[in-house]
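To start, the structure under review is shown below, and the notes come after it.
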Amino acid sequence: MATITELREQVRGPVIEPGEGGYDEHRRVHNGVHDRRPALIVLAAATADVVAAVNYARDGGFDLAVRGGGHSGPGFGTCDGGVVLDMSPMNNVFVDPVRKTARAGGGATWGDFNHATHAYGLATTGGIISTTGVAGLTLGGGIGYLARGCGLSCDNLVGAEVVTADGRILAAGEYDNEDLFWALRGGGGNFGVVTSMEFALHDVDMIYGGPMFYELADAPAVMQAYDEYIANAPEQLGGFFGWQLAPPLPFIPEDRHGDRFCALVPCWSGRPEQGEQAIKPFRDAAPVAAEHVGPMPYPALNSAFDGLFPTGIRQYWKADYVTGLTGDAVAAHVEHGSRVPTVSSGMHLYPLNGAVQRLGPDETAFGHRDAKYAMVILAAGPDEADDEARTRWVRDYYGAVHPYSGTEGGYINFMDVDDADRAPENYGRTYDRLRRVKAACDPDNLFHLNQNIVPAVRS
């Protein structure tokens, strides 16, 4: 294997060891629970740097943590005693407005992506927090405001460059390494380091939407109205239902700051002047106690909650796919959601119908296109002393609503470290094929710091 000195000569980005300047800054990930100390951090400036880092980790028998945005709940973007491959310097986004495509580097965030594409009045499905990495979100599927109209992030992926465990640089697309391309669209980071991704873009510029807060007493009616309307609403309408402890924002009456509400966050991506009519069923559900709804640039909504979810906040997650909302399920949600513990905690229901279900169940590795919702329960806060209470709220809430999910598994991007044994259910019907692709691309499971797919045993 190469020495560290030789590795430094092979890469253009910084190579940082413990005790060197920048080590403590670059070892941190978004979830402050994970305070880990890698043996080496490589800040990749180019694909060649990625190849060198992969070869170094593989030949040396080190754990290899691959980090894009660093938002992994279980802290998969770092490790103790291994190599962290930090892709953040590779964050360029190049837009082709004629072909309506954009190519993003492996370290780009959705904020980087939206900033570049919005200049042309274009977008594709991203997440809910703009500091999330493009690659990590997409590899897990990619649920966001635009999914009902534009499909998942992975549905809009048209090509990728991947460094595999043996150090090869592969192009993956419809006619290049087709099995690998299929697996990248929902199979997580199991198959290599994705150094760039090309996406199809859509004509999304200004949207109409924003948060609408309702009194807790009206939560059953709001949930029912949301469930009924989103089933057949125009596909340009996205958004989610959730719980929210009111932050100190100008549109919320000062005497209600810190109060608990239920919320809808619609995103209408059709003509903005049609937006108010499009969300009318949400207004009819119950009186709106506070709101910040109107026309705005799509990137403004995609980053609206960034302030509630800063780097270093301590997090714990649970998730399920959900086929529908029964009366008993709504009652369980109201009981536990009305106790949401912090301003950065909540439960969200993201719809998975519309364009998401126009693809066949086996066309990509995303294996749960028959679900109506992806549900996540997240507790987050700054204080370690409150970790136990926040975790207990998530687990109690999950235990109460899980029996009503109607299906197995949950969205892999919402899984925490203690859900690793759910991998077969979380990947769903595509899991066996994913294991075969894993065996071809990474038979020794170098890329195991993820929601891991165990390679199939070759006969």
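Some values worked out for this structure:
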read-out	value
Residue match in the range 9-25 (condition: buried (at least 20 other Cβ atoms within 10 Å of the Cβ), within 23 Å of residue 381 (Cα to Cα) and not basic (Lys, Arg))	no
Residue 376 in a strand (DSSP E or B), at pLDDT 95 or above and in contact with a strand residue (DSSP E or B) (Cβ under 6 Å, 6 or more places away or on another chain)	yes
Pairs where the first residue, in the range 255-267, is assigned by TED's automatic domain parsing to the domain that holds residue 223 and among the basic types (Lys, Arg) and the second is surrounded by fewer than 23 Cβ atoms within 10 Å (Cβ to Cβ) and assigned to a strand (DSSP E or B), C-beta under 6 Å, 6+ apart	260/245
Residues of the range 76-114 that turn out to be crowded, with 24+ Cβ neighbours inside 10 Å, assigned to a loop (DSSP other than H, G, I, E, B) and not hydroxyl-bearing (Ser, Thr, Tyr), as a count	6
Filter result for residue 369 (buried (at least 19 other Cβ atoms within 10 Å of the Cβ), among the charged types (D, E, K, R) and under 25 Å from residue 130 (Cβ atoms))	no
Which listed residue, of 68, 13, 61, 73, is in contact with a Phe, Trp or Tyr (Cβ under 8 Å, 6 or more places away or on another chain) and closer than 20 Å to residue 189 by Cβ	73
Count of the range 26-53 residues which are within 22 Å of the chain's Cα centre (by Cα) and either assigned by TED's automatic domain parsing to the domain that holds residue 385 or part of a helix (DSSP H, G or I) (or both)	2
Condition met for residue 280 (in the same structural domain as residue 408 (by TED's automatic domain parsing), over 15 Å from residue 146 (Cα atoms), among the basic types (Lys, Arg) and under 24 Å from the mean Cα position of the chain (by Cα))	no
Verdict on residue 270 being in the same structural domain as residue 339 (by TED's automatic domain parsing) and at positive phi	no
Residues located in the range 403-423, provided they are surrounded by 16 or more Cβ atoms within 10 Å (Cβ to Cβ) and part of a helix (DSSP H, G or I)	404, 412, 413, 414, 417, 419, 422, 423
Odd one out for residue 240, checked against (1) outside any strand (DSSP E or B); (2) hydrophobic (A, V, I, L, M, F, W, C); (3) in the same structural domain as residue 303 (by TED's automatic domain parsing)	(1)
The range 448-459 residues that are outside the structural domain of residue 187 (by TED's automatic domain parsing), paired with ones that are part of a loop (DSSP other than H, G, I, E, B) and of a type in the set (A, V, I, L, M) (beta carbon under 8 Å, 6 or more apart)	451/415
Pair list, Cβ under 9 Å, 6 or more apart: the range 72-83 residue farther than 16 Å from residue 131 by Cβ, other residue aromatic (Phe, Trp, Tyr) and outside any loop (DSSP other than H, G, I, E, B)	74/317; 83/56
Among the residues listed as 376, 356, 401, the single one being within 23 Å of residue 145 (Cβ to Cβ), in contact (Cβ under 8 Å) with a residue 24 or more places away in the chain and in contact with a His (Cβ under 7 Å, 6 or more places away or on another chain)	376
Search result, residues across the range 115-126 that are assigned to a helix (DSSP H, G or I) and touching a residue at least 24 places away in the same chain (Cβ under 8 Å)	115, 117, 118
Residue 328 vs. criteria in the same structural domain as residue 229 (by TED's automatic domain parsing), closer than 30 Å to residue 179 by Cα and among the acidic types (Asp, Glu)	no
Candidate set: the range 172-186, residues that are of a type outside the set (Asp, Glu) and out of contact with any helix residue (DSSP H, G or I) (no Cβ under 8 Å at 6 or more places or on another chain); chosen: the one surrounded by the fewest Cβ atoms within 10 Å (Cβ to Cβ)	175
Flag if residue 162 is buried (at least 24 other Cβ atoms within 10 Å of the Cβ), outside the structural domain of residue 375 (by TED's automatic domain parsing) and in a strand (DSSP E or B)	yes
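Table: residues versus (1) modelled with pLDDT of 95 or more; (2) under 28 Å from residue 89 (Cα atoms); (3) surrounded by fewer than 18 Cβ atoms within 10 Å (Cβ to Cβ).
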residue: 191; (1), (2), (3): yes, yes, no
residue: 198; (1), (2), (3): yes, yes, no
residue: 217; (1), (2), (3): yes, no, yes
residue: 225; (1), (2), (3): yes, no, no
residue: 231; (1), (2), (3): yes, no, yes
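The values are calculated or read from the model by the stated rules, or taken from the named source; none is laboratory data. Remember, it's a predicted structure, so these values are computed and weren't measured experimentally. Glycine gets a Cβ as well: all are built from the backbone with ideal geometry, and neighbour counts include every protein chain shown.
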